[in-house]
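Data first, discussion second: the structure below is written as structure tokens.
The values are calculated or read from the model by the stated rules, or taken from the named source; none is laboratory data. In this text the structure is predicted, and so the values were computed from the model without any measurement. Because the Cβ atoms are built from the backbone with ideal geometry, glycine has one as well, and the counts that use them run over all protein chains shown. Accessible surface is based on the protein model in full, side chains and every heavy atom, while ligands, DNA and RNA are left aside. Shrake-Rupley method; radii C 1.70, N 1.55, O 1.52, S 1.80 Å.
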Amino acid sequence: MEFAIHRLGTVDSTSERAFDALARGAARDGDVFVARGQTRGRGRRGASWHSPEGEGLYFSVAILARAPIPPAALTMAAGVAMRAALADLGLARAQLKWPNDLVCDGAKLCGCLVETRGLDPERPHYVLGIGLNVRQREFPPELLAERAVTSLALCGVECDCERALDAALSRLAERLDEARAAPESTCAAYVAAAELSGRAVRLLGPDGALEGRLVGLSLARGVELECADRRRVALALEHVRALEPQ
Ligand code: BTN
């Protein structure tokens, strides 16, 4: 995938800028909207994304596809790519947490959000927004009250946002191509990157938690576990709320 970078000052949300360009018919596949800061950065499940100017990396990629791409594949591809990008930047110990949070020392470092809107059914489109805390040395108490948060700087990696963008896009290029062409391979890459293969895991779904050994993760069959009594259970990916090693 080739990217064209559009640099913005402080905006509401880079994902909103991408959707705006898509709605105007002005966005191309691979357009990247990167901002110095965001006033209304958003995260998953209605959360906000703290986006102080010059402190973090905030960008969104417009993806215009010929055929629909499974959103779960895009979601996993983003997480796998960002884990590799962090390792390239010198942070190999960041861990992938379902579906695509990157955490380090138990604190959230990076988040990815895949969204779509029914703009043109003939031309499926997606906006992948990524936020990475880069230079922050402190966070607002109200954010810390919600969850532990960290940055590359706090994890011991000194890096500027431009270098972080380069690393992210290099890794995203291959992973987003894979999600389009071979989305089941993205699932396999996810299992490897999240170090889940054959592991004892806890799976949280709409009906509660299940524990067992991970024996499969695919778009076709979802997350498959073998429970202690040898029974096999499966849960479609879109119903998986959490999946973590025990
Ligand atoms: C999450 O909740 O983990 C996802 C966070 C995604 C934040 C990024 S920052 C760039 C892009 N613009 C937004 O408004 N959100 C995403």
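Here are a few things to note about the model shown:
- Its relative contact order, with pairs defined as Cα atoms under 8 Å and 6+ residues apart, puts the chain at 17 percent.
- Trypsin sites (Lys or Arg not before Pro) restricted to segment 1-66 and DSSP loop, no more than 13 other C-beta within 10 Å: Arg24, Arg28, Arg40, Arg66
- Antiparallel DSSP beta bridges within the chain, as percent of all bridges there, nearest 5: 85
- Stretch in the chain that is longest and holds no GluC sites (Glu not before Pro) that DSSP places in a loop and that have at most 15 other beta carbons within 10 Å: 54-121
- The residues of the chain have, on average, 48 Å² of accessible surface per residue, using a 1.4 Å probe with all protein chains present.
- Accessible surface of the chain, 1.4 Å probe, proportion on carbon and sulfur as whole %: 47
- Using the Cβ of Val157 as centre and a radius below 15 Å, the other residues enclosed give a net charge of -2, where K and R count +1 and D and E count -1.
- Gaussian network model of the chain, springs between alpha carbon atoms under 10 Å - residue of Ala27, Ala192, Ala18 with greatest fluctuation: Ala192
- Note on the chain: GNM, Cα springs under 10 Å; of Arg230, Arg135, Arg202, the largest mean-square fluctuation is that of Arg230.
- Centroid-to-centroid separation of segment 1-20 and segment 160-193 [C-alpha atoms, Å]: 19
- Probe 1.4 Å, all protein chains present, accessible-area order of Thr14, Thr39, Thr75, largest first: Thr39, Thr75, Thr14
- Size of electric dipole in segment 32-146: Cβ of Lys, Arg +1 and of Asp, Glu -1, about Cα centre, debye, nearest 20: 160
- Net charge of Cβ neighbours under 12 Å - reference Val215; Lys, Arg +1; Asp, Glu -1: +4
- GNM flexibility winner over the chain from Arg221, Arg231, Arg117 (Cα, springs under 10 Å): Arg231
- Given in Å, the Rg to one decimal and the Dmax to the nearest whole number for the Cα atoms of the chain are 17.8, 56.
- Within segment 69-110, the trypsin sites (Lys or Arg not before Pro) that combine a DSSP coil assignment with at most 13 other C-beta atoms in a 10 angstrom radius are Arg93.
- The chain: calculated mean residue ellipticity at 222 nm from DSSP helix runs of at least 4, using -39500 (n - 2.57): -8500 deg cm²/dmol
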